[in-house]
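First the structure, in the form of structure tokens, and then the observations on it.
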Amino acid sequence: MEQEIKLLVTQSQALEPEQLAEILQLSSPPLEQKIENRYFDSADLQLLKQGVGLRLRFKSGQWLQTVKTAGQAVNGLHQRQEWEVPVDGAQFDLQQLRQTPLAALIDDASFWQQVQPIFTTDFVRFSWQFNWHNAKVEMAYDRGVVTAGHLQAAIHEVELELLEGDVAVLDSLADTLSEHLPLVRHDQSKAALGYALLSRSQQH
């Protein structure tokens, strides 16, 4: 299960990654990556209606296919099931998708033919992995855009993902960061932002 807290940056001006590291007294430099994502659904948004997300991600020269359940988000804490595997190029591995909640849909040829890219997210990520109070955590600072149709919206957030340990550690980290930086917890995932933007683009 994926467990992470999302913190929205409330200023348009970029944060300095060093600010995040200094607050938590991290000595290692961040890993910097450019990440491109394509999200897929049918025209009538059947995947959204069934609470499943599907994307292809490109980072560090590698394509990944990801399936996520909608899960739940409360006070910035997102908890959901996730299946992510490397794939050869910008195409789905149907055999791997059959190991996810999409299994029944994959074998419905009439539905699968309707699945198409519906929006994209593109951002630069600075990330650190570190131990904090007997837990292992990844902190990521993301800044970029989501694009749906003719509309774009900003992505500007910090994610704290639990890799090992007690999820309560994320609360402690989120509180510490929020005391020093313009950050607020938020429950909207990048995918949810994309779907909202898609809806707006279709109304105009």
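The values are calculated or read from the model by the stated rules, or taken from the named source; none is laboratory data. Worth saying up front: this structure is predicted, and the values here are computed from it rather than measured. Positions of Cβ are generated from backbone atoms using ideal geometry, with glycine treated the same way; all protein chains shown enter the neighbour counts.
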> Taking Ala103, is it of a type in the set (A, V, I, L, M) and either at pLDDT 95 or above or under 16 Å from the mean Cα position of the chain (by Cα) (or both)?
Replying inline: no
> Which pairs do you get when a residue that is closer than 19 Å to Gln50 by Cα, found in the range 84-109, comes within reach of a residue that is of a type in the set (Ser, Thr, Tyr) and part of a strand (DSSP E or B), reach meaning Cβ atoms under 6 angstrom, with the pair 6+ apart or on two chains?
Replying inline: Glu84/Thr66
> List the pairs whose first member sits in the range 15-43 and is more than 25 Å from Leu64 (Cα to Cα) and hydroxyl-bearing (Ser, Thr, Tyr), whose second member is modelled with pLDDT of 95 or more and surrounded by 12 or more Cβ atoms within 10 Å (Cβ to Cβ), and whose Cβ atoms are under 7 Å apart, counting only residues at least 6 apart or on separate chains?
Replying inline: Ser28/Trp128
> So, of the residues in the range 44-56 that are part of a strand (DSSP E or B) and either without any contact (Cβ under 8 Å) to a residue 24 or more places away in the chain or not charged (D, E, K, R) (or both), which turns out to be farthest from Leu102 (Cα to Cα)?
Replying inline: Leu56
> Does Leu97 satisfy being under 23 Å from Gly194 (Cα atoms) and in contact with a strand residue (DSSP E or B) (Cβ under 8 Å, 6 or more places away or on another chain)?
Replying inline: yes
> Based on what the data block shows, is Tyr39 buried (at least 17 other Cβ atoms within 10 Å of the Cβ), of a type in the set (Ser, Thr, Tyr), touching a Gly at 6+ places or on another chain (Cβ under 8 Å) and part of a strand (DSSP E or B)?
Replying inline: yes
